[in-house]
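Notes follow the structure.
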Amino acid sequence: MMTIDTFPRAALDPARTTGLIMCGMGGPDGPEAVQPFLRNLFRDPNIFPAPRLVAGIAGRFIAWKRAPKVRERYAMISEDSSTPQLPTTRKQAVYLAEKISETGRGTLPGVAMRYWDPFPDQTVAELMKAGARQFLIVPTFPQYSGATNGSTIRFVLDALGKIAPNAPVHVVPDWHLLPGFIEAVARPVITQLTCWADDRIDPGECALLYVAHSLPESFIRKGDPYLDRTRATVNAVHQLVTKILGAAENGAWLNRVNGGAKPELCFQSKVGPVKWLGPQIENEVSRLARAGARRLLVQPVSFTCEHIETLLELDIELKARAIDLGVEDFHRGPALNLNGIWLDSLADHMMDEAFSTEVGRIGPEV
C-alpha cells in the first residue's frame, strides 16, 4: 500500500497553468446510478479486501442486493435520489482555483471521483485541453486513510500516468490540522455552547459529541493513521473551543458539560459484520440520554460536504433516536461546504506546499 510519504510532490512552476483536482469518493447523481456506484465501491480492494475474482462477483451481488434500500435512502434527502456532494465539491474547486489564480499562479478547477462520475480520466483530459501542464491533487478527506485518501489519490495518479505521464504532480495527502479547518469545525461548537451557557442551561443536561466516519479496525492494526489523525483533529478543535469559552468566563460551565472537560469522539456509518472503530454514535447518544442529557450537539469532523451520512444518518435517523430517548434540543454542526475560513486556509496551504522550490524538482514541459 502506498503510504502518505511516497506520493509525488514536485515543486510546481508558478508560470505554468496548474490543473487543480479535488478528489473524493463521489456518490450517485440519480436513482439509476445507485447500483453501479455501489458496484464500483465494492470492487475497490481497499474497501472490500478479497481475491480479485471473488471480489468482482461478490461486489456485484452486494451492489444488486443493497441498491433498492440505498436508493430509498437517497430519496429521503433528495427528490432525484442524488447527493449534493458533487456540486458542492465543484464550487469548492472553483473557489480554490480562483484564490490561487489571484496570486498570479494560473489554476484551473477540476473534480474527480473514485466511484462515480466524473472519473479522473475525463477530468485530466478536460484540464489538459484547457491548458493545464502540471497538476495539484487534493483529497476532500481531512484525515488520511489508505481506504479514502490513498485509494482516491492513486486512482487520479493512474489517470495522470496514462494521459499526462510527463506532467509535474504535487499531492497534498491530507490536512487534518490545517488552522482554518480547525477553526471552521470549532466555530459551530463555540456558538452553540455559548448560547446554552449564556441562557444558564444546566451543563449537566448538555452533551457534546464529535463524530467521524468509521473504519474497520483491521486497517488501524495494519498501520493506517486515520484514527490517530482524527483524534488529533478533535483535540485541536476542542482546545480552541476550551480557549474561547474560557476567555468568555464559561470555562467552569464547559467542564461540567458531558464531553466538555475532555472531548468525546465517536463514529458512524459502520457496515457489515467486521469490527469497526467505536464507540458508535447511536450507542453514545443512548448512554448520554440515560444519564440525563436533554440537549445534544453533534459535530462532524471528517466531512467536507453535506451528503447521506450527515443529511440522513445524523439529521434524520440520529435525531429521531435522540428525541425518542428524551433529548429535547438536538443540534448538528454543518459540514465544511463553502466555509471561507477553511477554503482560504487550504488555498494558502496548497500554495505554500506546491509552489515551494524546496519540495521537489520541477518536471519537464508537457
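The values are calculated or read from the model by the stated rules, or taken from the named source; none is laboratory data. Since the model is a prediction, treat every value here as computed from it, not as a measurement. When we count neighbours, we look across all protein chains shown, and the Cβ atoms used for this are built from the backbone with ideal geometry, even at glycine.
Yes/no per residue for (1) modelled with pLDDT under 80; (2) in the same structural domain as F219 (by TED's automatic domain parsing); (3) closer than 28 Å to R229 by Cα:
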residue: M1; (1), (2), (3): yes, no, yes
residue: D5; (1), (2), (3): yes, no, yes
residue: L12; (1), (2), (3): no, no, yes
residue: E32; (1), (2), (3): no, no, no
residue: N40; (1), (2), (3): yes, no, yes
residue: D44; (1), (2), (3): yes, no, yes
residue: A50; (1), (2), (3): yes, no, yes
residue: L53; (1), (2), (3): yes, no, no
Open item on the list: Please return the ranges of helices (runs of 4 or more DSSP H) entirely within the stretch 159-265 where 2 or more residues are among the β-branched types (V, I, T).
Closed with: 179-198, 226-247
Task: Selection within the stretch 263-289 - of a type in the set (K, R) and free of Cβ contacts under 8 Å to residues at least 24 places away in the same chain - done: R287
Open item on the list: Residues to consider are T140, T88, T148, T191; find the one that is modelled with pLDDT under 95 and closer than 21 Å to L336 by Cα.
Closed with: T148
TODO: State all residues of the stretch 302-330 that are in contact (Cβ under 8 Å) with a residue 40 or more places away in the chain, buried (at least 18 other Cβ atoms within 10 Å of the Cβ) and not in a helix (DSSP H, G or I); if no residue qualifies, say none.
DONE: S302, F303, T304, C305, E306, H307, V327
TODO: Within the stretch 135-152, identify whether any single residue is of a type in the set (A, V, I, L, M) and either assigned to a helix (DSSP H, G or I) or surrounded by fewer than 16 Cβ atoms within 10 Å (Cβ to Cβ) (or both), and answer yes or no.
DONE: yes
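Every residue, every condition in (1) touching an Asp or Glu at 6+ places or on another chain (Cβ under 8 Å); (2) not assigned by TED's automatic domain parsing to the domain that holds D228; (3) not charged (D, E, K, R), yes or no:
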{"residue": "P263", "(1), (2), (3)": "no, no, yes"}
{"residue": "V271", "(1), (2), (3)": "no, no, yes"}
{"residue": "E284", "(1), (2), (3)": "yes, no, no"}
{"residue": "R290", "(1), (2), (3)": "no, no, no"}
{"residue": "T310", "(1), (2), (3)": "no, no, yes"}
TODO: Tell me, please, whether a residue that is part of a helix (DSSP H, G or I) and within 14 Å of E32 (Cα to Cα) can be found in the stretch 82-89.
DONE: no
